[in-house]
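Asks: Have a look at this one before I ask anything.
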Amino acid sequence: MLTIHAGADGAALVVDGGTIAAVGPLDALRASRPGARVRSWPGTLRPGLTHEGALPPAPSPRERVHALLSRGVTAVAALPDDPALRSALDRSGLLPARRAPEPAPGARADFAVVDGSGACLATVVGGRLLYRRA
């Protein structure tokens with residue numbers, strides 16, 4: 001299923017499964033893929049963040065990972081030793097990486113959407129929308 005994610009500035013990217021298929025202006029991408037679902041965000045698309053250090057405190061491993069996603073994190077610099085945390089990270093699809101990948105054609109679809117104040121509106125990991133601010 002093709003999805004076009006578009007920022008308020010008109011920049012957009014096409015996600016095909018877990019991969020970015022194209023990057024460009026929304027109008028051009030919409031015209032070249034008329035059947036694609038369009039998600040318009042009231043913010044700017046950007047690369048996800050890479051988290052370094054311990055995961056934020058929370059009552060459960062799942063909530064600790066959710067805290068990362070709510071900040072626009074798509075990669076973690078170091079995997080924790082705790083098996084429950086590692087399992088929660090594996091299920092989320094967050095990459096163990098020194099740096100989150102740039103959104104580009106052929107790359108894994110990992111990105112965030114931020115508003116004018118820098119607050120995260122949405123986080124997409126491996127083409128899946130894992131966080132959306134209500």
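The values are calculated or read from the model by the stated rules, or taken from the named source; none is laboratory data. This structure is a prediction, so every number in the text was calculated from the model and none was measured. Heads up, the Cβs are rebuilt from the backbone with ideal geometry, glycines too, and the neighbour counts pull from every protein chain shown. Calculation scope for accessible area: heavy atoms of the full protein, side chains included, ligands and nucleic acids excluded. Shrake-Rupley method; radii C 1.70, N 1.55, O 1.52, S 1.80 Å.
Asks: Could you give me the residue pairs with C-beta distances under 6 Å whose first residue belongs to region 115-134 and is without any contact (Cβ under 8 Å) to a residue 24 or more places away in the chain, whose second residue is crowded, with 18+ Cβ neighbours inside 10 Å and assigned to a strand (DSSP E or B) wherever it lies, and which are 6+ apart or on separate chains?
Replies: Going by the 6 Å Cβ cut-off, the qualifying pairs are R132/A122.
Asks: All but one of (1) under 14 Å from A11 (Cα atoms); (2) surrounded by 14 or more Cβ atoms within 10 Å (Cβ to Cβ) hold for D27; state the number of the condition that does not hold.
Replies: The single condition D27 does not satisfy is (2).
Asks: For R132, work out the one condition from (1) crowded, with 18+ Cβ neighbours inside 10 Å; (2) closer than 20 Å to E63 by Cβ it doesn't fulfil.
Replies: (1)
Asks: Given the condition free of Cβ contacts under 8 Å to residues at least 40 places away in the same chain and among the hydroxyl-bearing types (S, T, Y), answer yes or no: does some residue in region 45-67 qualify?
Replies: Within region 45-67, one or more residues are free of Cβ contacts under 8 Å to residues at least 40 places away in the same chain and among the hydroxyl-bearing types (S, T, Y).
Here is a yes/no grid of residues against (1) among the small types (G, A, S); (2) farther than 15 Å from V125 by Cβ:
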position	(1), (2)
A8	yes, yes
D16	no, yes
T19	no, no
S32	yes, yes
S70	yes, no
P80	no, yes
L85	no, yes
R91	no, no
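Asks: Could you go through region 79-88 and let me know if any residue there is closer than 27 Å to W41 by Cβ and either assigned to a helix (DSSP H, G or I) or touching a helix residue (DSSP H, G or I) at 6+ places or on another chain (Cβ under 8 Å) (or both).
Replies: There is at least one residue in region 79-88 that is closer than 27 Å to W41 by Cβ and either assigned to a helix (DSSP H, G or I) or touching a helix residue (DSSP H, G or I) at 6+ places or on another chain (Cβ under 8 Å) (or both).
So that you can scan it fast, the table gives a plain yes or no per residue for (1) touching a Phe, Trp or Tyr at 6+ places or on another chain (Cβ under 9 Å); (2) modelled with pLDDT of 95 or more; (3) closer than 25 Å to V14 by Cα; (4) open to solvent by 30 Å² or more (accessible area, probe 1.4 Å):
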site: V65; (1), (2), (3), (4): no, yes, no, no
site: A78; (1), (2), (3), (4): no, no, no, yes
site: L85; (1), (2), (3), (4): no, no, no, no
site: A97; (1), (2), (3), (4): no, no, yes, no
site: F111; (1), (2), (3), (4): no, yes, yes, no
site: C120; (1), (2), (3), (4): yes, yes, yes, no
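Asks: Condition check: open to solvent by less than 10 Å² (accessible area, probe 1.4 Å), within 25 Å of D16 (Cα to Cα), aliphatic (A, V, I, L, M) and in contact with a strand residue (DSSP E or B) (Cβ under 9 Å, 6 or more places away or on another chain). Does L89 satisfy that?
Replies: When the stated conditions are applied, L89 passes them.
Asks: A further question follows. Just checking, how many residues over region 28-59 are part of a loop (DSSP other than H, G, I, E, B) and either within 23 Å of D16 (Cα to Cα) or in contact with a helix residue (DSSP H, G or I) (Cβ under 8 Å, 6 or more places away or on another chain) (or both)?
Replies: Count: 13.
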